[in-house]
Ligand SMILES: [Zn+2]
């Protein structure tokens, strides 16, 4: 018999603890302490409470918990002395049926890992989809993590322990994240399409208007139609646009009809990828709202406004220099000069578009009239480590960071490394090294600014020559324009001061400047209400990366929702990942935002 939240909330502490005792291996004290926070309105809230208990417990109890776990395919498995939960998990992952070679590989990794960290390797072997990792995936993860830093690895073990508990909790309550699974599977199917040269390597690369890219557009169209969109079309830049129409019985004359709230809701994200990228960057923001459409369509429900989902054809700037081709077309910022840009093979954008059957003359007509829309919302995988480290599944984006980029050069004097005394040098690279350390300190002092010297070069340098020239790049970002400008002023002033003191010269060329796109407060608070209603801790954060929402920001209010990524939130990398449970929460949050909007249009 599956447990219910009502039962759990009403039960004695002793009974409730006993029911949850198996969630954390040999550690019923974790659910027991969390139960003090009853009543819970959702399983997500119970999970957060248990995460909070373990975080507050300190390092020693955390180590004890980690050590309470059996080794993967270890002695306890062979002796059949695993807990029932562990036994079922290890057998689902196929670990009970290892070849002798696989078994020996895992035993060696167990020994190496234990010797290095002093605790067993913990992996949620049922994986981010809950159905079980393959043995190859398990071994690859093991081999990667045995190289990690000890502090990181302890945290990573705890995160896996929480994931194990999450799956056990779902089993206990007889529930599964159905729409999270649908969203997961849609993305998995879409990831079958990858550009030539990468397919063979098992890598995902989908750049603008390649065969794989066009196959993606077709698959997304099909998914949109099957989910219940009323109209689906591919537009003149390759965006796939699906629309779920509003309740056609609503009339302008109806009492309480508010023209603003009956405008279309625009949402979506991109389906192109970087080279050897992840499966969720962009695509999650197409499929989360689509899952909501499917839910509405299956229930025969209509909202008082249209939902327009756009799968943007291009955001990453991989094939051509120009970026945001998809969302740029909607804001009327598609520059016709871009059509003459060439890819690495000399194919112009115009030729690529014509070859794909797109009509370039129609691009200007894609410009949206902002008056037709309520606003734009975008769901996106975080692409950073913050939510993963905090063990929080969803994040509220406060602003997409403002940025500025410079290409710089410092000129000193190249001289003999053996004969030039330390106090007579005019070392260009040492000056830049000093600046780099300043950039680190200065950006960190803001708390939420970031600064990077990503390119650093001593042209024609030699091992026995004091560097006479140093070329470097500067990338500075902050949540608002003023903070970015102050950061940039301070960094450039420090560069000037360093150069004066060292008797070297600097030249600085600004190559890019993008304004911050702060979330519209009313839309940000809609996301916040949704996340709070789910019982998930509220965490506000800026977006360090650019997104399609940044373009739409130019013509309408926007706000984004971030979803936690696994593996330290790594992105633009095949290790990019997220769980079915987190995807389900994103769908739930989106559905709550929709009902919030529908509700306010009825008020
Ligand atoms: Zn993206």
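A short reminder: the numbers here are calculations on the coordinates, not readings from a lab. All figures in this text were calculated on a predicted structure; none of them were measured in a lab. Virtual Cβ from ideal backbone geometry, glycine too; neighbours counted across all protein chains shown.
So what's Rg/Rh here for the chain, counting alpha carbon atoms and using the Kirkwood radius for Rh?
Ratio value, two decimals: 1.00.
Which of rounded, prolate, oblate describes segment 418-536, given a ≥ b ≥ c as roots of the alpha-carbon gyration tensor eigenvalues and a/c under 1.5 marking rounded, otherwise prolate only if a/b is larger than b/c?
prolate
Please state the shape class of segment 72-142: rounded when a/c is under 1.5, otherwise prolate if a/b exceeds b/c and oblate if not, all from the C-alpha gyration tensor.
Rounded shape, in that the Cα axes give a/c under 1.5.
To the nearest Å, what is the center-to-center distance of segment 151-201 and segment 45-98, using C-alpha atoms only?
When both Cα centres are located, 18 Å separates them.
Got the relative contact order for the chain handy, in percent, Cα pairs under 8 Å and 6 or more residues apart?
16
Find how many whole Å separate the alpha carbon centroid of segment 10-42 from the alpha carbon centroid of segment 410-452.
Here the two parts' Cα centres lie 55 Å apart.
Which order, highest average first, do 6-14, 71-79 follow once you tally other Cβ atoms within 10 Å for each residue and take the mean per peptide?
Averaged packing, sorted descending, gives the order 71-79, 6-14.
Using Cα-Cα distances under 8 Å and only pairs 6 or more residues apart, what relative contact order does segment 405-514 have, in percent?
43
If packing is taken as the mean number of other Cβ atoms within 10 Å per residue, what is the order of 382-394, 409-421, highest first?
382-394, 409-421
DSSP beta bridges in the chain, what fraction antiparallel, as a percent rounded to 5?
Taking every DSSP beta bridge with both residues in the chain, the antiparallel ones total about 70 percent.
If packing is taken as the average number of other Cβ atoms within 10 Å across a peptide's residues, how do 358-368, 310-320 rank, most packed first?
Highest to lowest by the protection proxy: 310-320, 358-368.
How many angstrom lie between the Cα centre of segment 327-367 and the Cα centre of segment 549-602?
28
Below 8 Å, C-alpha to C-alpha, sequence gap of six or more: please give me the relative contact order for segment 5-172 in percent.
23 percent.
Show that you can apply the helix-only estimate: for the chain, add -39,500 (n - 2.57) for every DSSP H stretch of four or more residues, divide by all residues, and state [θ] at 222 nm to the nearest 500.
-13000 deg cm²/dmol
Once you order the gyration tensor axes a ≥ b ≥ c over the Cα atoms, which shape class does segment 1-75 get: rounded for a/c under 1.5, otherwise prolate or oblate by comparing a/b with b/c?
In terms of gyration-tensor shape, prolate.
Based on the alpha carbons, how large is the Rg to Rh ratio for segment 5-172 when Rh follows Kirkwood?
0.98
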